[in-house]
Amino acid sequence: MYKILVQIFCLVPFIVYSQSNTTKEYSILFYNIENLFDCRHDTLKNDSEFLEGGYKNWSSYRMYHKLNGISKVIHASNGWNPPVLIGLCEVENSFVLKQLIYQTGLKNSNYKYIHYESPDRRGIDVALVFKKNEFIPIRSFPIGVSDSSSNFLTRDALYVKGIIHRTDTVHVFVNHWPSKRGGALASEHKRERVAQLISAKVDSIQKLNVKSKVIVMGDFNAEYSAPSIQKLINTNNLESVLKSKDIKQRRIAGSHKYQGHWSLIDHILISKHWINSAILHHKIVDLPFLLEDDLTYSGVKPKRTYAGPNYHGGVSDHLPVILSVKCKKEGEQ
């Protein structure tokens, strides 16, 4: 009995040491998937252009072609280690999300989703897809950012609190901010309003625990230097590992291209203190099948699903962004 006890106590330091030095690695992806609609009419939504026989001649075949393209992106975005968390925007409803995770190459990847309907006139929402064996949701709810007083209806943001890799509690915000319709400067006040609302939610979390791990990701329709983004970053001690100035000379100099100009408007922002406690790699996912030659302005551009009313067959007019997180071992610099 004495020998058995000695052996057990000798093993304890080894077990503790092994656990404390286990390196956790995972990735977070955000992707604007450009109008992922089903083919059925919803009387509460302005979805008539995405119906069979509608303005864009949308069809089940085209929908599933797009869904399979999205699943291919997710699988290929991080080598052999698909993302644990995937923020999506421009999703019509739960039906298309179910088709994505159960009827494509993702069907054996243990993904689930969180989604709420929002008041956006076209019916496009945000969603969080997650690996159920690596992320345990605790709480979730939509964050209304519409302004009923001015009849401004837009997509809600999404908040999800959960435990990743059974150890880290994270607070995730998925966003799709108002577009630049009417001009970037003229519409900036709409994005600043949304930034203020999201900032208040983040602030309430940080007041309870200043070391909270916060992820704010989305299509912000604004570059890093925009007042709306800076307001969110400076108020809540958030940061992006990838900034527009870091990639401006590259062949792929953003996540979206408009009239020959690349812009990085899709972001993954995290708590600043997190940057010092992990090894982070943030990049634009520029897989070859997501791109095509830009015959008008030179170079390449994202191969989108539609160019106006014309079916183009691509996945999206945006490129995804991904953040890989490797937690440092004790004592690692």
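Our note on the geometry: Cα centres of region 34-64 and region 184-235, 32 Å apart. Going by neighbour counts of Cβ atoms within 10 Å, the residues H115, H75, H281 line up, fewest first, as H281, H75, H115. Around A307, with a cut-off of 15 angstrom between Cβ atoms, what is the net charge of the other residues, counting Lys and Arg +1 and Asp and Glu -1? Around A307, the charge tally is +1. Residues T154, T169, arranged from fewest to most other Cβ atoms within 10 angstrom of their Cβ, appear as T169, T154. Size check on the chain: the Cα extents along the three principal axes, sorted descending, read 81, 42, 41 Å. Once the Cα-Cα distance is subtracted from the 0.36 nm per residue extended length, the S60 to E25 segment shows a gain of 8.9 nm. The GNM of the chain, with springs linking C-alpha atoms under 10 angstrom apart, assigns the highest mean-square fluctuation among R193, R40, R304 to R40.
Using a cut-off of 19 Å between Cα atoms, the listed pairs K213/K326; K161/K207; K231/K301; K161/K201; K72/K112; K45/K161 include K231/K301; K45/K161 as exceeding that distance.
Scanning the chain for GluC sites (Glu not before Pro) in DSSP loops with at most 13 neighbouring Cβ atoms within 10 Å leaves 1-329 as the longest stretch between them. Taking a span of 27 Å or more along the helix axis (Cα atoms) and a mean Kyte-Doolittle hydropathy of at least 0.5 as the rule, the DSSP H helices of the chain that qualify are 2-20.
Here the Gaussian network model covers the chain, with springs between Cα atoms less than 10 Å apart; of I233, I198, I136, I136 fluctuates the most. Region 242-261 and region 113-182 have Cα centres lying 26 Å from one another.
Going from the residue with the fewest nearby Cβ atoms within 10 Å to the one with the most, K132, K201 rank K132, K201.
No lab work stands behind these numbers, since they all come straight from the coordinates. As the structure is a prediction and not an experimental result, all values here were calculated from the model. Here Cβ is always computed from backbone atoms with ideal geometry, including for glycine, and neighbour counts include all displayed protein chains.
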